[in-house]
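**Q** Dropping a structure here in structure tokens format, bear with me for questions.
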Amino acid sequence: MVIILKAKTTQAEVIKLTTELEAKGVIVSPVIGTELMILGLVGDTSRIDPLQIEANNIVEKVMHVQEPFKKANRLFHPENTIVDVCGQKIGGKKIAIIAGPCSVESEDQITLIANEVKKLGAGFLRGGAFKPRTSPYSFQGLEHDGLELLKKARAKSGLPIVTEIMSPYDVELFAKDVDIIQVGARNMQNFDLLKELGKINKPILLKRGLSATIEELLMSAEYIMAGGNENVILCERGIRTFETYTRNTLDLSAIPAIKKLSHLPVVVDPSHATGKRFMIDPLSKAAIAVGADGLIIEVHNDPEKALCDGPQSIKPDQFGKLFKDLKAIAEAVGREM
Ligand code: PEP
Ligand code: MN
């Protein structure tokens, strides 16, 4: 962190600020020029609030020279993090494929899809039980009953289950019943929820917020990791732009950017990114080509009758074909399926 001081700051004022900063555990190196005075801060600046320093009358500007996230930062953890989910690894050589319906609708529906996607190559089953819907009149999910049905589908298919948590009060229940706890885009900055998830050690699939920057996503991961849970998997699921043709705009450039900035695995959700079935195939391929560690794809046996997100859901046969096609792309980028 670099602090630029206002011209005409007195030596006594510089000493006073330096002492205050040193009390926060950093080393302060002053550079005193004739026009400009600069204080360079070295050490762990993560607990120093730049706005608090900027509020000081003698301070002109505060500049970051390092990212504000530490535990999620590749700088301090150069090797890739590999998250273990019931013995399966996410973030290693193997591409993780999470597939399943947007929502759990019935026992028949979820077990049928679970068995189908398992047979076709998926490693994990997704399905929403608690749904974050824009309208309170839309289907809200089967909630606790949905969770029970997911557990039954897991027992029948052998696939670990991925499902979204909405409330910090459900963390204990999810930690017991769910294999990967999903934090949806709308809750990426629900800091109370993130703090609770930091206290457990279940893998967390953290989705990028609708209008969140990459740094904000990594700061949300930092919340979970700061609490002690380092099993975080990031998810790019499209962001809001001026474009209306697609539901969101899939930010594929976020994948290499996150890979450079962080050691955490990152998966891509082409379903919520586009909202359109025909785009799942090309964007899944593109995601693997740019270095994603996995995909989370909505698959439904009868998309026309799906209670949620039918237009973006692909059928099992389309999923099977895509899975086969992805093998060649994975191999071309040194990965495996
Ligand atoms: C979902 O995966 O079911 C979902 C609601 O996604 P998102 O939070 O990315 O909108
Ligand atoms: Mn959905």
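The values are calculated or read from the model by the stated rules, or taken from the named source; none is laboratory data. Fair warning: this is a prediction, and the values are worked out from it, not measured in the lab. With ideal geometry, Cβ positions are generated from the backbone for all residues, glycine too; neighbour counts draw on all protein chains shown. Protein only, heavy atoms only, side chains kept; ligands, DNA and RNA dropped before computing areas. Shrake-Rupley method; radii C 1.70, N 1.55, O 1.52, S 1.80 Å.
**Q** Can you pull out every residue in segment 138-155 that is loosely packed, with under 15 Cβ neighbours inside 10 Å and either of a type outside the set (D, E, K, R) or within 13 Å of ligand 2 (Cβ to nearest atom) (or both)?
**A** S138, H144, A155
**Q** Taking the stated definitions as given, is R247 more than 19 Å from E67 (Cα to Cα), within 16 Å of ligand 1 (Cβ to nearest atom), surrounded by 19 or more Cβ atoms within 10 Å (Cβ to Cβ) and outside the structural domain of R47 (by the TED database)?
**A** Yes; evaluated as a whole, the condition is true for this residue.
Every residue, every condition in (1) in the same structural domain as K315 (by the TED database); (2) within 16 Å of ligand 1 (Cβ to nearest atom); (3) open to solvent by less than 60 Å² (accessible area, probe 1.4 Å); (4) in contact (Cβ under 8 Å) with a residue 24 or more places away in the chain, yes or no:
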| residue | (1), (2), (3), (4) |
| --- | --- |
| I98 | yes, yes, yes, yes |
| P101 | yes, yes, yes, yes |
| E105 | yes, yes, yes, yes |
| T111 | yes, no, yes, yes |
| E116 | yes, no, yes, yes |
| A122 | yes, yes, yes, yes |
| G127 | yes, yes, yes, yes |
| P136 | yes, yes, no, no |
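**Q** Would you mind finding the one in L205, L261, L250 that is farther than 18 Å from V162 by Cβ, within 16 Å of ligand 2 (Cβ to nearest atom) and under 15 Å from the mean Cα position of the chain (by Cα)?
**A** Unique residue meeting the criteria: L250.
**Q** Hey, another quick one. Name every residue in segment 284-309 that is within 13 Å of ligand 2 (Cβ to nearest atom) and either open to solvent by 10 Å² or more (accessible area, probe 1.4 Å) or more than 21 Å from the chain's Cα centre (by Cα) (or both), in order of residue number.
**A** The answer is H300, P303, A306, L307, C308, D309.
**Q** Answer yes if at least one residue in segment 68-81 is farther than 27 Å from E216 by Cα and touching a residue at least 12 places away in the same chain (Cβ under 8 Å), and no otherwise.
**A** No, the conditions are met nowhere in segment 68-81.
Residue by residue, here is whether (1) open to solvent by less than 30 Å² (accessible area, probe 1.4 Å); (2) in a helix (DSSP H, G or I); (3) under 17 Å from I233 (Cβ atoms) holds:
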position: K259; (1), (2), (3): no, yes, yes
position: L264; (1), (2), (3): yes, no, yes
position: V267; (1), (2), (3): yes, no, yes
position: P282; (1), (2), (3): no, yes, no
position: P311; (1), (2), (3): no, yes, no
position: K327; (1), (2), (3): no, yes, no
position: E331; (1), (2), (3): no, yes, no
position: G334; (1), (2), (3): no, no, no
